[in-house]
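Read the figures in this text as sums done on the coordinates, not as results from a lab. Remember, predicted model here, so these are calculated numbers, not experimental data. Methodologically, a virtual Cβ is constructed for each residue, glycine included, from the backbone with ideal geometry; neighbour enumeration extends over all protein chains shown.
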Amino acid sequence: MGLEVKDVTVRFGGHVALDNVSLEARKGEVTGLIGPNGAGKTTMFNVITGLQNPTRGTVTLDSRDISKLAPYKRARRGMARTFQRLELFGSLTVRENIHVAAAQFRRRHRTAERAGPTTDTLVKRLNLGAIADVRADSLPTGQGRMVELARALACRPSVLLLDEPASGQDESETAEFSRVLRDVAAEGVAVLLVEHDMDLVMSVCDNLHVLDFGKKLAQGTCAEIQADPLVRAAYLGEAEESDKTLGATL
Ligand SMILES: Nc1ncnc2c1ncn2[C@@H]1O[C@H](COP(=O)(O)OP(=O)(O)O)[C@@H](O)[C@H]1O
Ligand SMILES: [Mg+2]
């Protein structure tokens with residue numbers, strides 16, 4: 001059970017951003033979605049969360065077809081995401097950003113637990129105590145990514161989508177982030193991670209899907225993907241730009 005994407009195609013005019021791509025993200029696992037810039041990773045997230053209508057294809061959550069649901073209805077069914085470009089409420093503090101999501105969850109699901117304690121727990125869990133009263137728009141990106149993760153977790157997701165969360169993080173932030181991701185997956189959440197930091201990808205992911213120019217290039221365990229000649233070829237061009245891409249890691 002978890003998330004299943006089947007035969008998704010997205011065309012922007014004449015440009016095919018996704019070409020008949022299928023993938024799944026199972027509960028209890030961290031699934032990586034990797035590929036060079038422009039491969040279609042963010043477009044896939046937009047299709048999964050309902051921000052982008054696919055030209056064709058379906059999205060299934062726990063065996064139910066959610067392809068026609070509006071984004072907020074998918075969120076109600078347990079889908080949460082973070083954004084490649086941070087989308088925090090800039091004028092609110094860190095604590096308020098998380099509280100808004102916790103209060104919204106409580107209203108929707110009429111849970112007994114109050115939003116305050118949920119927020120406090122997340123502040124503690126993600127080590128945000130020192131910056132809890134700081135406005136979100138004054139945070140460095142790395143800390144902002146943690147706050148976005150906390151806000152997503154306040155919605156108690158069953159599927160969590162993360163779009164390049166390590167970009168802007170320093171090494172200790174990435175290490176902390178990866179620890180939280182493993183814990184969240186262990187609690188039964190299906191985590192889908194788009195990420196360029198291959199050290200992070202290879203250390204947290206159970207399975208990987210590789211996209212290139214909108215097409216699914218490969219799928220498998222980290223070891224299988226690292227050994228795949230097609231994947232290595234697709235990444236070699238990027239190796240010069242960043243020393244943390246797959247090409248350089250191999
Ligand atoms: N709204 C859009 N309109 C037209 N083209 C788009 C749009 N969104 C993305 N694209 C194009 O689709 C391709 C995939 O983009 P994207 O999903 O952002 O890739 P990635 O996240 O893997 O870097 C790129 O060529 C991009 O320019
Ligand atoms: Mg992207």
16 Å reach of a label modelled at residue 223, 7 Å along Cα-to-Cβ, counting backbone N of the stretch 162-206
202-206
Sorted by chain and then number, the residues having a modelled amide H within less than 5 Å of the amide H of residue 211, at least 5 places away or on another chain, are 34, 35, 217
All lysines inside 25 Å of residue 215 as judged from Cα atoms, apart from same-chain residues fewer than 8 positions distant:
6, 27, 41, 68, 244
Viscosity 1.567 mPa s, 4 °C: Kirkwood-radius Stokes-Einstein D of the chain over Cα pairs, µm²/s
70
In nm, spacing of pseudo-spin labels at residue 233 and residue 134 (7 Å Cα→C-beta vector):
4.7
Relative contact order computed over the chain (Cα-Cα under 8 Å; 6+ residues apart), in percent:
27
Taking Cα pairs closer than 8 Å and at least 6 residues apart, the relative contact order of the stretch 129-215 in percent is 30
If amide H atoms are built 1.01 Å from N in the plane of the peptide, which residues on other chains or at least 5 residues away come under 5 Å of the amide H of residue 192?
31, 160, 161, 162
Would you calculate, for the chain, the mean residue ellipticity at 222 nm contributed by helices, counting each DSSP H stretch of 4 or more residues as -39,500 (n - 2.57) and dividing by all residues, to the nearest 500?
-11500 deg cm²/dmol
Relative contact order of the stretch 46-153, pairs being alpha-carbon contacts under 8 Å that are 6 or more residues apart, as %
30
Give me the Å³ per residue figure for the convex hull around the C-alpha atoms of the stretch 108-195.
107
Measuring from centroid to centroid over Cα atoms, what is the spacing of the stretch 1-34 and the stretch 72-130 in Å?
26
